[in-house]
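Encoded as C-alpha coordinates, the structure appears first; notes follow it.
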Amino acid sequence: MANNSVGNTGRVLWAGLRALLVLTVITGVLYPLAVTGIAQLAFPGKANGSEIESGGEVVGSELIGQTYNLPLKDGEETAAPDLKWFQPRPSNGLGTNSVNTQYQLILSGATNRSGDNEDLITWVKDAKAAVIKDNSTADYKVKPSDVPADAVTSSGSGLDPHISPEYAKLQVHRIAEKNHLTVQQVDKLVADHTDDRILGFIGEPRVNVLKLNIALKELTRG
(Lines give C-alpha, C1' and ligand atoms only; values in the text may rest on other atoms or scores of the structure.)
Protein backbone atom coordinates (compact mmCIF):
# COMPACT_ATOMS: atom_id res chain seq x y z
CA MET A 1 0.00 0.00 0.00
CA ALA A 2 2.81 2.40 0.85
CA ASN A 3 4.49 1.83 -2.51
CA ASN A 4 1.19 2.46 -4.34
CA SER A 5 0.67 5.67 -2.38
CA VAL A 6 4.16 6.91 -3.23
CA GLY A 7 3.66 5.95 -6.87
CA ASN A 8 0.34 7.77 -7.09
CA THR A 9 1.84 10.84 -5.49
CA GLY A 10 4.73 10.76 -7.94
CA ARG A 11 2.39 10.47 -10.93
CA VAL A 12 0.27 13.38 -9.67
CA LEU A 13 3.34 15.55 -9.12
CA TRP A 14 4.74 14.67 -12.57
CA ALA A 15 1.37 15.42 -14.20
CA GLY A 16 1.22 18.75 -12.39
CA LEU A 17 4.78 19.60 -13.44
CA ARG A 18 4.03 18.76 -17.08
CA ALA A 19 0.88 20.91 -16.98
CA LEU A 20 2.89 23.76 -15.49
CA LEU A 21 5.57 23.49 -18.18
CA VAL A 22 3.02 23.28 -21.01
CA LEU A 23 0.96 26.21 -19.75
CA THR A 24 4.11 28.25 -19.12
CA VAL A 25 5.20 27.76 -22.73
CA ILE A 26 1.73 28.49 -24.10
CA THR A 27 0.75 31.46 -21.93
CA GLY A 28 4.22 32.79 -21.16
CA VAL A 29 5.92 32.41 -24.55
CA LEU A 30 3.69 31.45 -27.48
CA TYR A 31 0.68 33.65 -26.63
CA PRO A 32 2.72 36.85 -25.96
CA LEU A 33 4.71 36.27 -29.16
CA ALA A 34 1.50 35.77 -31.16
CA VAL A 35 -0.16 38.88 -29.72
CA THR A 36 3.00 40.94 -30.27
CA GLY A 37 3.30 39.73 -33.85
CA ILE A 38 -0.35 40.50 -34.65
CA ALA A 39 -0.05 43.93 -33.05
CA GLN A 40 3.09 44.75 -35.02
CA LEU A 41 1.41 43.75 -38.27
CA ALA A 42 -2.03 45.27 -37.64
CA PHE A 43 -1.18 48.56 -35.88
CA PRO A 44 2.59 48.98 -35.39
CA GLY A 45 2.31 52.63 -34.32
CA LYS A 46 0.09 51.92 -31.35
CA ALA A 47 1.97 48.73 -30.50
CA ASN A 48 5.21 50.71 -30.21
CA GLY A 49 3.82 53.34 -27.86
CA SER A 50 2.13 55.77 -30.27
CA GLU A 51 5.43 57.57 -30.81
CA ILE A 52 5.47 60.96 -32.50
CA GLU A 53 8.35 61.99 -34.73
CA SER A 54 9.55 65.46 -35.65
CA GLY A 55 12.56 66.21 -37.81
CA GLY A 56 13.23 62.50 -38.29
CA GLU A 57 13.46 61.63 -34.59
CA VAL A 58 11.05 60.52 -31.89
CA VAL A 59 10.08 63.45 -29.65
CA GLY A 60 7.45 61.81 -27.49
CA SER A 61 4.25 59.81 -27.36
CA GLU A 62 0.78 61.05 -28.13
CA LEU A 63 -0.38 59.22 -24.99
CA ILE A 64 1.96 60.80 -22.42
CA GLY A 65 2.29 64.48 -21.53
CA GLN A 66 5.60 66.25 -21.13
CA THR A 67 6.93 69.57 -19.95
CA TYR A 68 8.18 72.50 -22.03
CA ASN A 69 10.54 74.24 -19.66
CA LEU A 70 13.62 76.41 -19.73
CA PRO A 71 16.89 74.77 -18.60
CA LEU A 72 17.36 74.69 -14.85
CA LYS A 73 19.51 77.47 -13.46
CA ASP A 74 21.86 77.13 -10.51
CA GLY A 75 19.92 77.00 -7.27
CA GLU A 76 16.58 76.32 -8.93
CA GLU A 77 14.53 73.29 -7.82
CA THR A 78 11.84 73.66 -10.46
CA ALA A 79 12.41 74.81 -14.01
CA ALA A 80 10.41 77.76 -15.30
CA PRO A 81 8.07 77.16 -18.24
CA ASP A 82 9.33 78.14 -21.68
CA LEU A 83 6.55 80.51 -22.64
CA LYS A 84 7.15 80.34 -26.38
CA TRP A 85 5.47 76.91 -26.30
CA PHE A 86 1.95 75.85 -25.41
CA GLN A 87 1.98 74.60 -21.84
CA PRO A 88 0.32 71.38 -20.61
CA ARG A 89 -1.83 71.01 -17.54
CA PRO A 90 -0.06 70.53 -14.19
CA SER A 91 1.16 67.03 -13.41
CA ASN A 92 0.02 65.88 -9.95
CA GLY A 93 0.22 69.03 -7.94
CA LEU A 94 1.98 72.34 -8.24
CA GLY A 95 4.89 74.19 -6.77
CA THR A 96 7.72 72.74 -4.73
CA ASN A 97 5.40 70.30 -2.92
CA SER A 98 4.13 68.66 -6.09
CA VAL A 99 4.11 64.90 -6.44
CA ASN A 100 5.21 64.84 -10.06
CA THR A 101 6.29 67.96 -11.94
CA GLN A 102 8.10 66.20 -14.78
CA TYR A 103 5.49 63.73 -16.05
CA GLN A 104 7.52 60.80 -14.68
CA LEU A 105 5.76 57.53 -15.54
CA ILE A 106 6.72 55.86 -12.27
CA LEU A 107 4.78 58.53 -10.34
CA SER A 108 1.55 58.24 -12.31
CA GLY A 109 -1.51 58.94 -10.19
CA ALA A 110 -3.60 61.67 -8.63
CA THR A 111 -2.75 63.82 -5.61
CA ASN A 112 -5.72 62.32 -3.72
CA ARG A 113 -6.38 65.59 -1.89
CA SER A 114 -9.93 66.67 -1.14
CA GLY A 115 -11.40 69.88 -2.50
CA ASP A 116 -11.06 71.62 0.87
CA ASN A 117 -7.42 70.59 1.42
CA GLU A 118 -5.41 73.71 2.28
CA ASP A 119 -2.36 72.68 0.26
CA LEU A 120 -4.48 71.98 -2.81
CA ILE A 121 -6.30 75.31 -2.48
CA THR A 122 -2.97 77.13 -2.21
CA TRP A 123 -1.55 75.30 -5.24
CA VAL A 124 -4.61 76.10 -7.34
CA LYS A 125 -4.57 79.76 -6.34
CA ASP A 126 -0.84 80.05 -7.10
CA ALA A 127 -1.29 78.25 -10.42
CA LYS A 128 -4.18 80.51 -11.38
CA ALA A 129 -2.16 83.62 -10.62
CA ALA A 130 0.73 82.25 -12.70
CA VAL A 131 -1.57 81.44 -15.64
CA ILE A 132 -3.00 84.96 -15.58
CA LYS A 133 0.45 86.56 -15.35
CA ASP A 134 2.12 84.35 -17.99
CA ASN A 135 -0.65 84.65 -20.56
CA SER A 136 -1.41 88.35 -20.29
CA THR A 137 0.22 90.50 -22.95
CA ALA A 138 0.39 94.21 -23.66
CA ASP A 139 -2.91 94.15 -25.54
CA TYR A 140 -4.60 91.14 -23.94
CA LYS A 141 -5.36 90.70 -20.25
CA VAL A 142 -6.48 87.37 -18.87
CA LYS A 143 -9.33 87.55 -16.38
CA PRO A 144 -9.60 85.06 -13.49
CA SER A 145 -12.89 83.83 -14.93
CA ASP A 146 -11.10 82.95 -18.18
CA VAL A 147 -8.90 80.31 -16.54
CA PRO A 148 -10.31 76.78 -17.08
CA ALA A 149 -10.00 74.03 -14.48
CA ASP A 150 -7.45 72.01 -16.44
CA ALA A 151 -5.03 74.96 -16.39
CA VAL A 152 -4.65 74.66 -12.62
CA THR A 153 -5.35 70.98 -11.84
CA SER A 154 -3.77 67.70 -12.90
CA SER A 155 -5.57 64.77 -14.48
CA GLY A 156 -6.30 61.53 -12.63
CA SER A 157 -3.13 59.94 -14.00
CA GLY A 158 -1.06 63.12 -13.88
CA LEU A 159 0.19 62.21 -17.36
CA ASP A 160 -2.58 63.55 -19.61
CA PRO A 161 -1.12 64.79 -22.93
CA HIS A 162 -4.21 66.88 -23.70
CA ILE A 163 -5.57 70.24 -22.65
CA SER A 164 -8.99 71.71 -23.25
CA PRO A 165 -9.56 73.98 -26.28
CA GLU A 166 -10.32 76.74 -23.75
CA TYR A 167 -6.88 76.46 -22.17
CA ALA A 168 -5.20 76.32 -25.58
CA LYS A 169 -7.07 79.46 -26.70
CA LEU A 170 -6.10 81.21 -23.47
CA GLN A 171 -2.45 80.81 -24.50
CA VAL A 172 -2.89 82.09 -28.07
CA HIS A 173 -1.96 85.75 -27.47
CA ARG A 174 1.19 84.83 -25.54
CA ILE A 175 2.26 82.33 -28.19
CA ALA A 176 1.66 84.87 -30.95
CA GLU A 177 3.71 87.52 -29.14
CA LYS A 178 6.61 85.23 -28.20
CA ASN A 179 6.90 83.74 -31.70
CA HIS A 180 6.20 86.90 -33.71
CA LEU A 181 3.04 85.46 -35.23
CA THR A 182 -0.43 86.91 -35.63
CA VAL A 183 -3.22 85.92 -33.28
CA GLN A 184 -5.17 84.70 -36.30
CA GLN A 185 -2.34 82.32 -37.26
CA VAL A 186 -2.16 80.80 -33.80
CA ASP A 187 -5.95 80.66 -33.47
CA LYS A 188 -6.11 78.63 -36.67
CA LEU A 189 -3.37 76.36 -35.38
CA VAL A 190 -5.42 75.56 -32.28
CA ALA A 191 -8.59 75.03 -34.28
CA ASP A 192 -6.80 72.67 -36.68
CA HIS A 193 -5.48 70.56 -33.77
CA THR A 194 -8.67 70.37 -31.72
CA ASP A 195 -10.10 66.84 -31.62
CA ASP A 196 -13.85 66.46 -31.18
CA ARG A 197 -15.57 64.01 -28.84
CA ILE A 198 -14.98 60.37 -29.75
CA LEU A 199 -17.90 59.18 -31.91
CA GLY A 200 -19.45 62.56 -31.30
CA PHE A 201 -20.51 61.93 -27.69
CA ILE A 202 -17.69 60.27 -25.69
CA GLY A 203 -15.38 62.50 -23.66
CA GLU A 204 -14.69 66.16 -24.29
CA PRO A 205 -13.02 68.14 -27.09
CA ARG A 206 -9.26 68.15 -26.52
CA VAL A 207 -5.95 69.36 -27.89
CA ASN A 208 -2.78 67.25 -27.89
CA VAL A 209 -0.08 69.63 -26.65
CA LEU A 210 2.86 67.82 -28.26
CA LYS A 211 1.23 67.73 -31.69
CA LEU A 212 0.25 71.39 -31.32
CA ASN A 213 3.80 72.42 -30.40
CA ILE A 214 5.24 70.45 -33.33
CA ALA A 215 2.87 72.31 -35.65
CA LEU A 216 3.87 75.59 -33.98
CA LYS A 217 7.55 74.80 -34.57
CA GLU A 218 6.87 74.12 -38.25
CA LEU A 219 4.88 77.35 -38.54
CA THR A 220 7.65 79.45 -37.03
CA ARG A 221 10.20 77.86 -39.35
CA GLY A 222 8.00 78.58 -42.35
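Checking each residue in region 163-222 for being of a type in the set (Ser, Thr, Tyr) and either farther than 18 Å from Ala138 by Cα or in contact with a Phe, Trp or Tyr (Cβ under 7 Å, 6 or more places away or on another chain) (or both) picks out Ser164, Tyr167, Thr194, Thr220.
This table checks each residue for (1) part of a helix (DSSP H, G or I); (2) under 24 Å from Ser108 (Cβ atoms); (3) in contact (Cβ under 8 Å) with a residue 12 or more places away in the chain.
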| site | (1), (2), (3) |
| --- | --- |
| Leu33 | yes, no, no |
| Thr36 | yes, yes, no |
| Val58 | no, yes, no |
| Ile64 | no, yes, yes |
| Lys73 | no, no, no |
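Restricting attention to region 31-90, which residues are on the phi > 0 side of the Ramachandran plot and open to solvent by less than 50 Å² (accessible area, probe 1.4 Å)? Full working, then the answer.
In the first step, residues of region 31-90 are kept if they are on the phi > 0 side of the Ramachandran plot; the result is 49-50, 55-56, 60, 75.
The answer is Gly49, Ser50, Gly60.
Conditions tested, residue by residue: (1) touching a Pro at 6+ places or on another chain (Cβ under 7 Å); (2) assigned to a loop (DSSP other than H, G, I, E, B); (3) at pLDDT 95 or above; (4) open to solvent by 70 Å² or more (accessible area, probe 1.4 Å).
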| residue | (1), (2), (3), (4) |
| --- | --- |
| Asp116 | no, yes, no, yes |
| Val142 | no, yes, yes, no |
| Gly156 | no, yes, no, no |
| Ala168 | no, no, yes, no |
| Ala176 | no, no, yes, no |
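Annotation note: Cβ proximity below 9 Å between a residue of region 194-222 that is free of Cβ contacts under 8 Å to residues at least 12 places away in the same chain and a residue that is open to solvent by less than 40 Å² (accessible area, probe 1.4 Å) and part of a strand (DSSP E or B) (sequence gap 6+ or interchain) occurs for Glu218/Ser54. Only one of (1) surrounded by 19 or more Cβ atoms within 10 Å (Cβ to Cβ); (2) part of a helix (DSSP H, G or I); (3) charged (D, E, K, R) is not met by Asp160, so which one is it? In the conditions (1) surrounded by 19 or more Cβ atoms within 10 Å (Cβ to Cβ); (2) part of a helix (DSSP H, G or I); (3) charged (D, E, K, R), Asp160 misses (2) alone.
Checking the conditions here, which among Val172, Val209 is out of contact with any Pro (no Cβ under 9 Å at 6 or more places or on another chain), surrounded by 18 or more Cβ atoms within 10 Å (Cβ to Cβ) and among the aliphatic types (A, V, I, L, M)?
Criteria check complete, one pass: Val172.
When Leu189, Leu181 are screened for being assigned to a loop (DSSP other than H, G, I, E, B), without any contact (Cβ under 8 Å) to a residue 40 or more places away in the chain and either under 19 Å from Ala80 (Cα atoms) or in contact with a Leu (Cβ under 8 Å, 6 or more places away or on another chain) (or both), only Leu181 passes. Among residues of region 121-145 that are closer than 17 Å to Pro88 by Cα, those with a beta-carbon under 9 Å from a residue that is of a type in the set (Phe, Trp, Tyr) and surrounded by 16 or more Cβ atoms within 10 Å (Cβ to Cβ) at least six positions away or on a different chain give the pairs Val131/Tyr167.
The values are calculated or read from the model by the stated rules, or taken from the named source; none is laboratory data. Model, not experiment: these values are computed from the prediction. Note that we place each Cβ from the backbone using ideal geometry, even for glycine, and neighbour counts take in every protein chain shown. Each accessible area value is taken on the protein alone, full model and side chains, heavy atoms only, with ligands, DNA and RNA left out. Shrake-Rupley method; radii C 1.70, N 1.55, O 1.52, S 1.80 Å.
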